[in-house]
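Participant: One structure is given below, represented as structure tokens, and several questions about it will come after.
The values are calculated or read from the model by the stated rules, or taken from the named source; none is laboratory data. As the structure is a computational prediction, the values presented were derived from the model and not from experiment. Note that we place each Cβ from the backbone using ideal geometry, even for glycine, and neighbour counts take in every protein chain shown. All accessible areas refer to the heavy atoms of the entire protein, side chains included, with ligands and DNA or RNA removed. Shrake-Rupley method; radii C 1.70, N 1.55, O 1.52, S 1.80 Å.
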Amino acid sequence: MIDTTIEDTDFIGLYADNAVVRMENGWIKRAGRTYCMQNQAMCSPGLYMFSNASVTIQTNTWIQESGGSGIEAVGSVLEARNSRIENNGMQLVSFVDGVH
């Protein structure tokens, strides 16, 4: 995904399940905030990686203002270069059995 904007989603901004994804010059902004306002337990991340997903975010990609973590990774690989992950609702990045 190049020059892509994912913005104002009700739930997760980008969900990668057993996939290879590269995002360059993009935004994931205000993901998962609708459900989060209704129920704190429903807060979701800007980027959710699951089941051997491999995600690269690079060159001016921003993940901002998500209801949950900026990125949540479960058993996945994340590579981030020249990107910003900031002002998200919980922690910056959450890894569970992930390689980062």
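Participant: Around VAL74, which amide H atoms from residues at least 5 apart in sequence, or from another chain, sit under 5 Å from its own amide H, with H modelled in the peptide plane?
Facilitator: MET49, PHE50, SER51, VAL96
Participant: Moving on. HN-Hα J couplings of the stretch 16-21 from phi, Karplus 6.51/-1.76/1.60, θ = phi - 60°, integer Hz, Gly and Pro as x?
Facilitator: Ordered by residue, 3J(HN,Hα) equals 10, 10, 6, 9, 10, 10 Hz.
Participant: On to the next question. Under the rule of at least 5 residues apart or a separate chain, name every residue whose amide H is placed under 5 Å from the amide H of ARG84.
Facilitator: For ARG84, the qualifying residues are THR61, TRP62, ILE63.
Participant: If you take the beta carbon distance between THR59 and GLU7 as r and set R0 to 25 Å, what does 1/(1 + (r/R0)^6) give as a FRET efficiency, to the nearest 0.05?
Facilitator: Once rounded, the FRET efficiency stands at 0.85.
Participant: Would you rank ARG30, ARG84 by solvent-accessible area, highest first, keeping every protein chain in place and using a 1.4 Å probe?
Facilitator: These residues rank, largest area first, as ARG84, ARG30.
Participant: Which whole-Hz couplings ³J(HN,Hα) result when phi for each residue of the stretch 6-12 is put into the Karplus expression 6.51 cos²θ - 1.76 cosθ + 1.60, θ = phi - 60°, listed in order with x for Gly and Pro?
Facilitator: Couplings: 10, 9, 6, 8, 6, 10, 4 Hz.
Participant: Follow-up question, since we're still on this one. What's the extension gain from VAL74 to TYR15 if we count 0.36 nm per residue and subtract their Cα-Cα distance?
Facilitator: Stretched fully, the VAL74-TYR15 segment lengthens by 20.1 nm.
Participant: For ILE6, which sequence-distant residues (separation of 5 or more, or a different chain) have an amide H within less than 5 Å of its own amide H, given hydrogens modelled in the peptide plane?
Facilitator: Residues meeting the amide H criterion: TRP27, ILE28, LYS29.
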